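Some notes on the structure that comes next.
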Amino acid sequence: MTDRQAQRLEVKAYTQWSPYLERCCLLLSANESYDNTANDIEVLTGVAVSHSTQQRMVHRQSFDLPEIEPPVEAMSLDGGKVRLRTPQGEECIWRDYKAVNLHNRGVEAFFRENASLVEWVNAQPLADRVMCLGDGHDGIWNLFAEVGTPAQRYEILDWYHLVENLGKVRGSLKRLNRAESLLWQRKVDETLALFEPLSKKSARDFCNYLRKHRARIVNYAYCQSEGIPIGSGAVESTVKQIGRRIKISGAQWERKNVPQILKHRCAYLNGQFSQ
């Protein structure tokens, strides 16, 4: 037996070990594959915790959803994608999940559990006025419609998404710059007047987009001056952070395991393992 083998401690599945070691395992596996976690834990602690034990450890955790304090004043919603496991030889399947970021308060993600997302958000202390930010997808605004009360919600169309859609019109650069300046000040009718005379489909589509989201287009200049968020970058960053774990090279997930994996990653992003 080598010295390394003599020092190597085996931890069997379902065996109790220190809460600190378990927390270290959960922290590492929230960031990397179970195989890499097993290797890193052994290097750091000298204790061997196999990749399968790492996985079982994650799936038996409760990962209670955080309770937020003080009142939530702003939130943003967005969707992400996760790759589901398929039989060998079959084409991979990607499915959507929804993520919510309660700005500077906490994040969570839900896989085909929209009702649970709304329930969790409504269970938090919401301010009298809650800024709700999102892009132009109906699924986002349908969820926001169930958050708080109509009097509480102040819906804001993401400025950068608005400008992105403006750019799709193309054509005269002078017209596009003028439109951006008008929209920055919430002058929707003046912006429509620039594009309604045009016959091309991209212009008609943009006009319909403006009409659809008119109530969500705010005076972005004023909001910025008052420190009110005008973009949903917070939740877009959350989706990217979640993707750094669930989209690692070759990662595929059993459908039934996806909710737990999302909770695990969000627990890490919320600092649960450092408390």
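Test of understanding: among 265, 244, which residue is farther than 22 Å from residue 87 by Cβ, of a type in the set (D, E, K, R) and touching a helix residue (DSSP H, G or I) at 6+ places or on another chain (Cβ under 6 Å)?
265
Identify all residues within the range 224-255 that are among the charged types (D, E, K, R) and within 20 Å of residue 79 (Cβ to Cβ); write none if there are none.
Scanning the range 224-255 gives 236, 240, 244, 245, 247, 255.
On the basis of being among the polar types (S, T, N, Q) and either over 30 Å from residue 63 (Cβ atoms) or without any contact (Cβ under 8 Å) to a residue 12 or more places away in the chain (or both), does residue 124 make the cut?
So residue 124 fails the test.
Can you pull out the residues in the range 217-244 that are among the hydroxyl-bearing types (Ser, Thr, Tyr) and either closer than 22 Å to residue 192 by Cα or part of a loop (DSSP other than H, G, I, E, B) (or both)?
220, 222, 232
Residue by residue through the range 159-216, note down the ones that are touching a Leu at 6+ places or on another chain (Cβ under 8 Å), modelled with pLDDT of 95 or more and not in a helix (DSSP H, G or I).
The answer is 169, 213.
Taking the options 194, 117, 176, 198, name whichever one is surrounded by 13 or more Cβ atoms within 10 Å (Cβ to Cβ) and within 29 Å of residue 73 (Cβ to Cβ).
117
Looking for something surrounded by 18 or more Cβ atoms within 10 Å (Cβ to Cβ) and either in the same structural domain as residue 105 (by TED's automatic domain parsing) or within 30 Å of residue 264 (Cα to Cα) (or both) - is there at least one such residue anywhere in the range 145-152?
Yes, the range 145-152 contains a residue that is surrounded by 18 or more Cβ atoms within 10 Å (Cβ to Cβ) and either in the same structural domain as residue 105 (by TED's automatic domain parsing) or within 30 Å of residue 264 (Cα to Cα) (or both).
Would you be able to tell me the number of residues in the range 44-99 that are in a strand (DSSP E or B), assigned by TED's automatic domain parsing to the domain that holds residue 245, in contact (Cβ under 8 Å) with a residue 12 or more places away in the chain and farther than 30 Å from residue 122 by Cβ?
The number of residues fulfilling the criteria is 1.
I need the full set of residues from the range 192-236 which are free of Cβ contacts under 8 Å to residues at least 60 places away in the same chain and of a type in the set (Ser, Thr, Tyr), in order please.
Residues satisfying the conditions are 199, 202, 222, 225.
Where residues in the range 208-230 are in contact with a Phe, Trp or Tyr (Cβ under 6 Å, 6 or more places away or on another chain) and buried (at least 19 other Cβ atoms within 10 Å of the Cβ), which of them is farthest from residue 129 (Cα to Cα)?
Residue satisfying both the conditions and the ranking: 220.
Looking only at the range 13-37, how many residues end up being outside any loop (DSSP other than H, G, I, E, B) and either in contact with a Pro (Cβ under 8 Å, 6 or more places away or on another chain) or over 18 Å from residue 268 (Cα atoms) (or both)?
Qualifying residue count, the range 13-37: 1.
Got a sec? Which of 163, 169, 130 is out of contact with any Gly (no Cβ under 9 Å at 6 or more places or on another chain) and either surrounded by fewer than 17 Cβ atoms within 10 Å (Cβ to Cβ) or assigned by TED's automatic domain parsing to the domain that holds residue 240 (or both)?
Result of the check over 163, 169, 130: 163.
Taking the options 247, 256, name whichever one is surrounded by fewer than 18 Cβ atoms within 10 Å (Cβ to Cβ), in contact (Cβ under 8 Å) with a residue 40 or more places away in the chain and of a type in the set (Lys, Arg).
When all the criteria are applied, what remains is 247.
The values are calculated or read from the model by the stated rules, or taken from the named source; none is laboratory data. Just so you know, these numbers come straight off a predicted model, no measurement behind them. With ideal geometry, Cβ positions are generated from the backbone for all residues, glycine too; neighbour counts draw on all protein chains shown.
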